[in-house]
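Notes follow once the structure below has been shown.
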Amino acid sequence: MELYNEILAQILSQQNAQIMFPDLRLDATKIVESECYKALQKIMPVIEDDSLDDESCFRKIEEIVC
């Protein structure tokens, strides 16, 4: 059975894959734009926080982006 799985894995690894979500109503661009907007909403208060020095501000923004 292990040999069977190895052969199957090797054959499948050489094939192109296509993933479809037939019930998804948003396209990829809208999904990415939505996630970017959410990140910007989190970043704005960090930028507006005058109590943070540049390094702290940068770290907080980096955490959000990551």
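Arrange the residues Cys36, Cys57 by how much accessible surface each exposes, largest first, with a 1.4 angstrom probe.
Cys36, Cys57
Taking only Cα atoms, what is the 0 to 90° angle, nearest 10, from helix 28-48's long axis to the longest principal axis of the chain?
Value to nearest ten degrees: 30.
Out of the total accessible area of the chain (probe 1.4 Å, heavy atoms of protein only), what percent is carbon and sulfur?
Ligands and nucleic acids excluded, carbon and sulfur give 57 percent.
Using only the heavy atoms of the protein chains and a 1.4 Å probe, how would Met44, Met20, Met1 rank by accessible area, largest first?
Heavy-atom accessible area, descending, gives Met1, Met20, Met44.
Please work out the C-alpha center-to-center distance from segment 28-66 to segment 1-17 and express it in whole Å.
First find each Cα centre; the distance between them is then 42 Å.
Just the accessible area per residue of the chain, please: how many Å² with a 1.4 Å probe?
For the chain, the per-residue accessible area is 99 Å².
What are the aspartates and glutamates whose alpha-carbon lies under 12 Å from the alpha-carbon of Lys42, with same-chain residues fewer than 8 places away excluded?
Within the straight-line cut-off, Lys42 pairs with Glu62, Glu63.
I need the calculated FRET efficiency for the pair Asp50 and Lys30, taking r as the beta carbon distance and R₀ as 22 Å, to the nearest 0.05.
0.05
Taking just the C-alpha trace of the chain, give me its Rg and Dmax in Å.
21.5, 63
The values are calculated or read from the model by the stated rules, or taken from the named source; none is laboratory data. It should be emphasised that the depicted structure is a prediction, and the values quoted were computed from it without experimental measurement. Positions of Cβ are generated from backbone atoms using ideal geometry, with glycine treated the same way; all protein chains shown enter the neighbour counts. When the accessible area is computed, the model is the full protein with side chains, heavy atoms only, and any ligands, DNA or RNA have been set aside. Shrake-Rupley method; radii C 1.70, N 1.55, O 1.52, S 1.80 Å.
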